[in-house]
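Just passing along the structure, written as structure tokens.
The values are calculated or read from the model by the stated rules, or taken from the named source; none is laboratory data. All figures in this text were calculated on a predicted structure; none of them were measured in a lab. Here the Cβ positions follow ideal geometry from the backbone for every residue, glycine too, while neighbour counts run over all protein chains shown.
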Amino acid sequence: MKFRKAAEQLANIPHISRHSALILYDFLIAQRPADCIELGFAHGAGSGYIAAALDELGAGHLTCVDLETSRDFTPTIEHTLDSLGLAARVSIHREINSYNWFLKKKIEEQTTEGVCTPCYDFVFIDGSKNWTIDGMAFFLADKLLRPGGWILFDDYDWRYADAQAKGKTATDGISIRELSADQIEQPNVAAIFDLLVVGHPDYANFKVQDKSWAWAQKTGRTSADKRLVQHERKSALKSKLKRWTGVGH
Ligand SMILES: C[S@@+](CC[C@H](N)C(=O)[O-])C[C@H]1O[C@@H](n2cnc3c(N)ncnc32)[C@H](O)[C@@H]1O
């Protein structure tokens, strides 16, 4: 399915902007991942764009995981994917506590005689934005990510302090007042990315786009000089130009 067609149908469904969706869609078309996993699907807007790109490629599958509570969302992911006609490209899973328990079961399934065989080419972490939960999700996902595969975090710059300023006392089950002042102030995803992902010897090609999306590729052992992070703001302009000119879509 072309980006434009997916964007028309997904325009009013939170939580992904057309701008970010285009970056994601173009990435998938270029990288051709066979097996993708999205941790945190909400209403299925991001899942819809991923499924549209896989459909356009004519191959690939998306596994996506959220909490049981997402059954009550309007619309549900099932509704979103059905209306796109792309439900067959996606397996939907819900967990009581966390996608980390799903990843535990997947690692178990993939492990023979102590060796875990990776099974994903692209991991999109877009859920809790919490150091403990998503820091753990990174290490679990790493066991399942094939060499050459990519990991993407949303919300690099998101802070509990900003949620608090909007009157929230809890987000995704985390009570903000139970966190320390510096954890509330610091973007937790940035800490995960900068300290755990960039600091991981198997990762390289780090890019942070628009202070929001953080990308890394599992390249195998990389030397210290490859640990540079590219911070990019121009993606906004590039994406707008593509939209205005309709290039590629
Ligand atoms: C920002 S939304 C995801 C948006 C979606 N990826 C998109 O692009 O449209 C975050 C979702 O993560 C889910 N979530 C948060 N913490 C989670 C956890 N520990 N395990 C599973 N899902 C979680 C929430 O229920 C919510 O639906």
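Would you mind stating whether residue 199 is modelled with pLDDT of 95 or more, assigned to a loop (DSSP other than H, G, I, E, B) and surrounded by fewer than 16 Cβ atoms within 10 Å (Cβ to Cβ)?
Values: modelled with pLDDT of 95 or more: no; assigned to a loop (DSSP other than H, G, I, E, B): yes; surrounded by fewer than 16 Cβ atoms within 10 Å (Cβ to Cβ): yes.
Taking the combined requirement at face value, the residue does not satisfy it.
Among all residue pairs at least 6 apart or on different chains, which show Cβ distances below 9 Å where the first residue, located in region 47-67, is in contact (Cβ under 8 Å) with a residue 60 or more places away in the chain and under 16 Å from residue 124 (Cβ atoms) and the second is among the small types (Gly, Ala, Ser) and away from the ligand (no atom under 15 Å from the Cβ)?
Close Cβ pairs satisfying both conditions: 50/60.
Please go through region 78-102 and give me each residue that is within 10 Å of the ligand (Cβ to nearest atom) and either closer than 25 Å to residue 215 by Cα or of a type outside the set (Val, Ile, Thr) (or both), ordered by number.
Of region 78-102, the ones within 10 Å of the ligand (Cβ to nearest atom) are 80, 93-102.
The answer is 93, 94, 95, 97, 98, 99, 100, 101, 102.
Show the residue pairs that are 6+ apart or on different chains and have beta-carbon atoms under 8 Å apart, the first residue being within region 122-139 and assigned to a strand (DSSP E or B), the second being among the β-branched types (Val, Ile, Thr) and within 9 Å of the ligand (Cβ to nearest atom).
From residues that are assigned to a strand (DSSP E or B), the pairs are 124/50.
Here's a follow-up. Just the residues that are more than 28 Å from residue 30 (Cα to Cα) and surrounded by fewer than 20 Cβ atoms within 10 Å (Cβ to Cβ), please, taken from region 132-157. Show your work before the answer.
Here is the first cut: in region 132-157, the residues more than 28 Å from residue 30 (Cα to Cα) are 132-133, 136.
Answer for region 132-157, where residues must be more than 28 Å from residue 30 (Cα to Cα) and surrounded by fewer than 20 Cβ atoms within 10 Å (Cβ to Cβ): 132, 136.
Here are 16, 107: which of them is in contact with a strand residue (DSSP E or B) (Cβ under 6 Å, 6 or more places away or on another chain), β-branched (Val, Ile, Thr) and modelled with pLDDT of 95 or more?
107
OK, next. Would you mind stating whether residue 38 is under 20 Å from residue 151 (Cβ atoms), acidic (Asp, Glu) and in contact with a Phe, Trp or Tyr (Cβ under 9 Å, 6 or more places away or on another chain)?
Numbers: under 20 Å from residue 151 (Cβ atoms): yes; acidic (Asp, Glu): yes; in contact with a Phe, Trp or Tyr (Cβ under 9 Å, 6 or more places away or on another chain): yes.
In short, yes.
Working only within region 48-77, note down all residues that are buried (at least 22 other Cβ atoms within 10 Å of the Cβ) and more than 7 Å from the ligand (Cβ to nearest atom).
So in region 48-77, the residues buried (at least 22 other Cβ atoms within 10 Å of the Cβ) come out as 48-54, 62, 64-66, 77.
Result: 48, 49, 50, 51, 52, 53, 54, 62, 64, 77.
What number of residues within region 163-196 satisfy the criterion of being in a helix (DSSP H, G or I) and either hydroxyl-bearing (Ser, Thr, Tyr) or within 21 Å of residue 152 (Cβ to Cβ) (or both)? Step through it out loud before you land on a result.
From region 163-196, those in a helix (DSSP H, G or I) are 163-165, 176-178, 181-185, 188-196; that's our starting set.
Those still in the list that are either hydroxyl-bearing (Ser, Thr, Tyr) or within 21 Å of residue 152 (Cβ to Cβ) (or both) too: 188-196.
Residues in region 163-196 being in a helix (DSSP H, G or I) and either hydroxyl-bearing (Ser, Thr, Tyr) or within 21 Å of residue 152 (Cβ to Cβ) (or both): 9 in total.
Taking the criterion of being surrounded by fewer than 16 Cβ atoms within 10 Å (Cβ to Cβ), near the ligand (Cβ under 10 Å from one of its atoms) and of a type in the set (Ser, Thr, Tyr), would at least one residue in region 6-26 satisfy it?
Yes, the conditions are met somewhere in region 6-26.
I've got another one for you. For region 135-153, enumerate the residues that are under 21 Å from residue 182 (Cβ atoms) and either within 11 Å of the chain's Cα centre (by Cα) or more than 10 Å from the ligand (Cβ to nearest atom) (or both). Reasoning before the result, please.
Step one: of region 135-153, the residues under 21 Å from residue 182 (Cβ atoms) are 135-136, 138, 153.
Answer for region 135-153, where residues must be under 21 Å from residue 182 (Cβ atoms) and either within 11 Å of the chain's Cα centre (by Cα) or more than 10 Å from the ligand (Cβ to nearest atom) (or both): 135, 138, 153.
Counting residues that are within 14 Å of the chain's Cα centre (by Cα), which strands (runs of 3 or more DSSP E) fully inside region 1-98 reach at least 3? Walk me through how you get there before you give the answer.
Details: elements: 35-39, 61-67, 90-95.
By residue number, 35-39, 61-67.
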